[in-house]
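Down below is the structure, laid out as structure tokens.
The values are calculated or read from the model by the stated rules, or taken from the named source; none is laboratory data. Here the structure is a predicted model, which means the values were calculated and not measured. Glycine also receives a Cβ, built like all others from the backbone with ideal geometry; neighbour counts cover every protein chain displayed.
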Number of protein chains: 2
Amino acid sequence: MKKNVIVGQSGGPTAAINSSLAGVYRTAKDRGAKKVYGMIYGVQGLLEGRYIDLADHIKTELDVELLKRTPAAFLGSCRYKLPEIFEDKSVYEKIFQIMDELEIEAFIYIGGNDSMDTIKKLSDYAIVTGHPTRFIGCPKTIDNDLALTDHTPGFGSAAKYIGTSMKEIIRDSFCLEYSKGLVTIVEIMGRNAGWLTGAVALSKGEDCEGPDLIYLPEIPFDLNIFTEKVKKLLEEKNSVVVAVSEGIRLENGEYVCSMGNQIDFVDAFGHKQLSGTASFLSSYIAGEFGCKTRAIELSTLQRAASHAASRVDILEAYQVGGAAVKAADEGDTGKMVVLNRLSDDPYQCGTEVKDVHKIANDEKLVPRKWVNKEGNYVTEEFVSYVKPLIQGDVSPVMVDGIPRHLYQPEELRNRKKIKK
Amino acid sequence: MKKNVIVGQSGGPTAAINSSLAGVYRTAKDRGAKKVYGMIYGVQGLLEGRYIDLADHIKTELDVELLKRTPAAFLGSCRYKLPEIFEDKSVYEKIFQIMDELEIEAFIYIGGNDSMDTIKKLSDYAIVTGHPTRFIGCPKTIDNDLALTDHTPGFGSAAKYIGTSMKEIIRDSFCLEYSKGLVTIVEIMGRNAGWLTGAVALSKGEDCEGPDLIYLPEIPFDLNIFTEKVKKLLEEKNSVVVAVSEGIRLENGEYVCSMGNQIDFVDAFGHKQLSGTASFLSSYIAGEFGCKTRAIELSTLQRAASHAASRVDILEAYQVGGAAVKAADEGDTGKMVVLNRLSDDPYQCGTEVKDVHKIANDEKLVPRKWVNKEGNYVTEEFVSYVKPLIQGDVSPVMVDGIPRHLYQPEELRNRKKIKK
């Protein structure tokens with residue numbers, strides 16, 4: 001590389017997105033890039049002229065290692081969607097003007113579906129206007145819903161955390177005896193794709209029976225059949241554990257989480273209260289059977305728990321970042337790096353680049369055949385697919401009993417101060 | 001020891017309670033106990049004649065190591081309180097009859113306040129009736145609210161998990177920009193004692209600013225002052241993170257979590273919906289400022305996350321189990337093992353035994369001087385007290401990417417089957 005590289009992060013954060021950033025930085029430096037800039041809050045921040053020189057933050061080999069172990073988006077992220085080129089050219093002109101000022105040779109964007117849409121539009125614009133900058137996308141999402149890639153960095157670490165936590169929750173649920181039993185409903189992220197929810201099955205093994213029921217958003221949810229199923233299980237077991245995706249819907253498309261809000265609930269202060277899927281189902285089951293229930297949302301932790309990250313995931317995220325820079329350096333543009341699995345056992349996986357036009361805005365769901373006939377558990381094939389992605393650990397760098405991260409740029413911490 | 005030992009677990013499970021069980025087992029065996037029985041579901045199960053021979057489950061050195069790393073109560077637990085001796089002697093007669101049949105020389109009970117009440121009553125009864133069995137309590141509770149002991153096994157691992165998770169949540173909260181900012185409310189266990197909630201301050205360090213506000217149940221909560229505080233913080237920062245104990249109350253004693261339910265909320269199915277403290281406060285703040293809010297409950301995970309346990313905690317739990325057996329073997333009864341801290345730095349801590357009559361039913365709260373004047377953060381003294389307890393890790397035994405535990409006795413897993 002002869003000039004400079006700029007890299008941005010976009011969409012929901014993960015435990016592995018910063019490992020890709022580390023991979024981009026190191027490979028760009030190794031290939032001779034003079035400067036590696038980081039967009040603050042993705043392309044949205046770039047449009048406001050907000051960026052940093054990554055060399056001010058990554059000064060040592062240890063910093064690279066810390067960055068790999070730092071959760072969430074080091075550079076900040078955005079959910080900004082570029083307008084169509086024919087709708088508003090000025091946005092594009094502004095971005096390219098900033099890039100020219102910074103002498104950008106390669107633009108790397110780490111993100112999910114929306115981010116690949118950004119790569120597609122920017123590379124199209126460059127081609128149409130004859131601009132030499134190259135645009136490469138780096139896949140990232142805990143949701144694992146990107147097309148054309150075997151899986152996405154970020155998913156493996158989230159799946160490992162979910163499998164581990166589910167196993168701990170199941171153990172905990174068997175501790176106390178309740179006269180009418182205990183039903184625990186665990187809610188997992190994923191509006192449309194059930195990859196993360198299915199990962200609860202990883203808890204099943206020689207030392208744990210796993211959860212009793214798993215409901216993915218791909219399969220319509222039937223409240224009556226569910227209730228009957230729980231009733232039967234309560235007759236056999238003292239503790240019933242159910243995993244549900246936040247996005248499960250009824251046959252008519254209504255979200256289960258919205259069923260708890262059919263009567264507008266306004267508290268004494270006039271604020272509307274919303275309940276989640278697990279919270280609704282647990283009150284519903286408690287009402288039906290008078291049993292003890294518990295609703296647990298894995299919440300932010302499932303995407304941020306870098307203390308329990310998967311080694312395979314963190315290393316692949318790093319490789320994918322490097323492969324993006326390599327592709328740009330070798331002249332590719334409008335491409336996304338994908339992971340191509342060669343075999344399950346022994347697990348072998350390499351990187352390739354694919355045309356981003358074939359990826360953007362397409363959602364990869366869990367295939368129907370990877371869910372059992374009743375629609376309440378994932379199959380062995382699903383588990384075999386996920387298992388290689390959660391292998392190995394990345395020991396956190398512990399300082400005084402707590403994992404150390406690479407400190408966030410001040411631009412994120414005191415944004416409003418900086419802006420004034 | 002010449003005869004047998006019986007051990008039970010009681011109260012809420014922790015990540016360290018099984019390490020105490022391992023300590024009891026090993027020390028009893030080392031000191032010549034013929035059999036070590038485990039009560040299934042504590043003294044409540046014992047009254048129904050439910051117990052196991054631990055040798056059927058702990059067969060190898062590896063099993064001991066797995067047990068140390070297994071969360072929740074291996075034997076099952078109970079929240080049973082013995083009647084006063086003068087109220088109902090028959091319960092005592094039954095327990096002593098079972099113990100005589102099993103030739104029990106020492107009765108070890110691992111638990112919190114209620115469990116120490118059990119030790120007190122049983123040892124009193126033995127003394128009054130001239131029965132030779134000795135009764136020793138082993139402290140255990142994530143709440144750290146037991147009197148006379150410097151701290152309780154289980155607390156250190158929960159504190160480490162809470163500090164680590166809080167740090168990850170804070171990082172995540174700075175990823176996206178929201179026009180009116182983001183307020184994250186994290187709810188932590190502890191009805192009356194704020195030890196666990198204060199542990200969020202462990203997230204603060206060179207690479208993290210820590211949470212903005214910490215509210216313990218010891219200090220009355222003022223909704224207006226809180227709201228003003230958040231308003232000011234939102235003017236300075238893009239992301240405000242608040243930690244609250246589930247048990248925070250208003251000056252008049254009303255639980256904050258119950259404020260969200262001042263209007264009875266019954267959903268379309270006739271079931272009452274309850275909201276937690278974080279859930280109420282986050283809707284309240286959203287209503288006041290129109291900002292984005294997020295409510296996170298650390299829930300069961302904070303007591304069950306053995307994958308992130310503290311080495312100091314797991315080892316101390318093991319020692320405490322051993323010290324209980326030693327005390328009984330040397331003739332003590334009606335005592336609880338306590339941890340006696342000799343120094344903070346270097347951390348030194350030993351075990352002693354103290355009269356259980358001085359411990360039972362007494363609750364140790366966070367001292368007022370360890371909370372700042374405004375009542376919204378813990379002091380450096382608090383942090384110095386907790387820090388030694390979260391040091392070091394206990395590497396999980398990983399099998400196929402997920403931590404391995406010692407499989408639970410079948411008596412717990414298929415309770416109803418066994419009973420029939």
### Query
Has the range B:177-194 got at least one residue that is in contact with an Asp or Glu (Cβ under 9 Å, 6 or more places away or on another chain), of a type in the set (A, V, I, L, M), more than 13 Å from chain A (Cβ to nearest Cβ) and closer than 19 Å to B:SER384 by Cα?
yes
### Message
For a quick check of your reading of the model, give me the residue pairs whose first member lies in the range B:392-410 and is facing chain A (nearest Cβ under 7 Å) and more than 10 Å from A:ASP207 (Cα to Cα), whose second is surrounded by fewer than 20 Cβ atoms within 10 Å (Cβ to Cβ) and among the polar types (S, T, N, Q), with beta-carbon atoms closer than 8 Å and at least 6 apart or on different chains.
### Response
B:ASP400/A:GLN391; B:GLY401/A:GLN391
### Task
Report the residue count in the range B:183-232 for those that are among the hydrophobic types (A, V, I, L, M, F, W, C), in contact with a Phe, Trp or Tyr (Cβ under 9 Å, 6 or more places away or on another chain) and more than 29 Å from A:VAL399 (Cα to Cα).
4
### Message
Just the residues that are away from every other protein chain (no Cβ under 13 Å) and of a type in the set (Gly, Ala, Ser), please, taken from the range A:375-391.
### Response
A:GLY375
### Summary
Checked the range A:151-176 for anything over 18 Å from A:ILE17 (Cβ atoms) and more than 7 Å from chain B (Cβ to nearest Cβ); matches are A:MET166, A:ILE170, A:SER173
### Summary
Conditions (1) crowded, with 24+ Cβ neighbours inside 10 Å; (2) in contact with a His (Cβ under 9 Å, 6 or more places away or on another chain); (3) over 30 Å from A:GLU87 (Cβ atoms); (4) of a type outside the set (Gly, Ala, Ser) -> A:CYS208 fails only (1)
### Query
In the range A:355-391, how many are in contact with a Lys or Arg (Cβ under 8 Å, 6 or more places away or on another chain), surrounded by fewer than 17 Cβ atoms within 10 Å (Cβ to Cβ) and farther than 16 Å from A:ALA199 by Cα?
2
### Query
Are any residues in the range B:392-420 modelled with pLDDT of 95 or more and surrounded by fewer than 17 Cβ atoms within 10 Å (Cβ to Cβ), and if so, which ones?
B:GLY392, B:VAL397, B:MET398, B:VAL399, B:ASP400
### Task
Just give me the residues in the range A:64-95 being of a type in the set (Gly, Ala, Ser) and either within 14 Å of chain B (Cβ to nearest Cβ) or surrounded by 17 or more Cβ atoms within 10 Å (Cβ to Cβ) (or both), in sequence order.
A:ALA72, A:ALA73, A:GLY76, A:SER77
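Table: residues versus (1) in contact (Cβ under 8 Å) with a residue 12 or more places away in the chain; (2) within 26 Å of A:ALA147 (Cα to Cα); (3) part of a strand (DSSP E or B); (4) of a type in the set (Val, Ile, Thr).
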site: A:GLU87; (1), (2), (3), (4): no, no, no, no
site: A:VAL91; (1), (2), (3), (4): yes, no, no, yes
site: A:GLN97; (1), (2), (3), (4): no, no, no, no
site: A:ASP100; (1), (2), (3), (4): no, no, no, no
site: A:ILE108; (1), (2), (3), (4): yes, yes, yes, yes
site: A:SER115; (1), (2), (3), (4): yes, yes, no, no
site: A:LYS121; (1), (2), (3), (4): yes, yes, no, no
### Task
For the range B:329-343, state whether one or more residues are small (Gly, Ala, Ser), part of a helix (DSSP H, G or I) and in contact (Cβ under 8 Å) with a residue 12 or more places away in the chain.
no
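Of everything in the range B:32-63, what is crowded, with 20+ Cβ neighbours inside 10 Å and either acidic (Asp, Glu) or more than 12 Å from every other protein chain (Cβ to nearest Cβ) (or both)? Give them in sequence order. Steps first, please.
The initial filter retains those residues of the range B:32-63 that are crowded, with 20+ Cβ neighbours inside 10 Å, namely B:33, B:36-46, B:50-51, B:54, B:58.
Within the range B:32-63, B:ALA33, B:VAL36, B:TYR37, B:GLY38, B:MET39, B:VAL43, B:LEU46, B:TYR51, B:LEU54, B:ILE58 qualify.
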### Task
Answer with yes or no whether B:ALA317 is in contact with an Asp or Glu (Cβ under 8 Å, 6 or more places away or on another chain), closer than 20 Å to B:PRO153 by Cβ, small (Gly, Ala, Ser) and assigned by TED's automatic domain parsing to the domain that holds B:ASP150.
no
### Task
Mind listing whichever residues of the range B:118-131 are of a type in the set (D, E, K, R) and surrounded by 20 or more Cβ atoms within 10 Å (Cβ to Cβ)?
B:LYS120, B:LYS121
### Task
Report yes if B:ASP124 is within 30 Å of B:SER310 (Cα to Cα) and under 28 Å from the mean Cα position of the chain (by Cα), otherwise no.
no
### Task
Being within 20 Å of A:ALA295 (Cβ to Cβ), among the β-branched types (Val, Ile, Thr) and crowded, with 19+ Cβ neighbours inside 10 Å narrows it down to one of B:ILE285, B:ILE314, B:ILE296, so name that one.
B:ILE296
### Query
In the range B:132-149, what residues are buried (at least 20 other Cβ atoms within 10 Å of the Cβ) and in a loop (DSSP other than H, G, I, E, B)?
B:THR133, B:LYS140, B:THR141, B:ILE142, B:ASP143, B:ASN144, B:ASP145, B:THR149
### Message
For the condition under 23 Å from A:ALA158 (Cα atoms) and touching a strand residue (DSSP E or B) at 6+ places or on another chain (Cβ under 7 Å), what is the one hit in A:VAL371, A:VAL325?
### Response
A:VAL371
### Task
Output yes when any residue across the range B:351-372 is closer than 22 Å to B:TYR255 by Cα, at pLDDT 95 or above, in a strand (DSSP E or B) and not assigned by TED's automatic domain parsing to the domain that holds B:PHE226, and no when none is.
yes
